[in-house]
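Working notes, beginning with the structure itself.
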Amino acid sequence: MKARSRRTAVRLVLLWAAAASLVAVCPARAEDPHADVRISRQGRTFVVEATLEAPVTPALAWEVLTDFERMEKFVPNLADSRIVARDGNRLTILQHGVARFGPFTLRFESERVVTLAPPSSIRSTQIRGTMEQLDSLTTFAASPGGTRLDYHVEAIPGVLYPDALTRRFLQHEIAEQFEAIVREMVRRRDAARPGAPPPALNG
């Protein structure tokens, strides 16, 4: 069993190496001028600090980011997203899906307690899931361009991968999710304009 575990670990590292080489050729879209994603490491914990300028009102940004029951419709790596318990502004969210990174796919599941503090913040703490630890805080603030979103994440992967590959994977996933979420915000903004035909829902 130990030998098989070692062989599995080696295969995973090789897959991550292949993915990293592919991403070097086809980089994630974190360079978008509206997004700034920074990743550091503190011991085993990866810390993500991301800032996003969304060209919509804070109310619409809040609506999209708390639309957990429909989130799989506009976030590409989600297969299912639902609220399994609710106590006022404290929700338990269950999500699962497949993250794709170059030739590598990773099935994931996450059950999180989400605390809403409208209209200023969303705090999320994983209680069960693929990651060993996953905590996040999203804050909202009006800005000249619409809404500034600040996103803080602390994550410990369930399996230890090389530092550079984990950083690239996290950056890829966050950039992809940001792009999809802003696209949905803009879709809803445009659909609400007088006389505008409702565009098809993403996904």
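Every number here is computed from the coordinates shown, using simple stated rules; none is lab data. Everything quoted here is computed from the prediction, not taken from an experiment. Cβ sites come from the backbone with ideal geometry, for glycine too, and all protein chains shown count toward neighbours.
How high is the FRET efficiency between residue 135 and residue 70 when r is their beta carbon distance and R₀ equals 22 Å, given to the nearest 0.05? Don't skip to the answer; put the middle values down first.
Values: r = 24 Å, r/R0 = 1.08.
Step by step, r from the Cβ atoms, then E = 0.40.
Using the per-residue mean of other Cβ atoms lying within 10 Å as a proxy for protection, in what order, highest first, do the peptides 114-122, 80-88 fall? Before the final figure, lay out the partial values.
Details: 114-122: 14.8, 80-88: 11.3.
Highest mean packing first, the order is 114-122, 80-88.
Between residue 45 and residue 142, what is 0.36 nm times their sequence separation minus the Cα-Cα distance? Round to one decimal in nm. Walk me through the numbers before you get to the answer.
Details: separation 97, 0.36 × 97 = 34.92 nm, distance 3.04 nm.
Extra length available between residue 45 and residue 142 comes to 31.9 nm.
Would you calculate the separation in nanometres between label points at residue 115 and residue 163, each defined as 7 Å from the Cα along the Cα-to-beta-carbon direction?
For the pair residue 115/residue 163, the computed spacing is 3.2 nm.
State, to one decimal in nm, how far the label point of residue 154 lies from the label point of residue 36, with both points 7 Å from Cα in the Cβ direction.
2.3
Which distance in nm do the two modelled labels at residue 107 and residue 86 give, with both placed 7 Å along the Cα-to-Cβ direction?
With each label placed 7 Å out from Cα toward Cβ, I get 3.0 nm.
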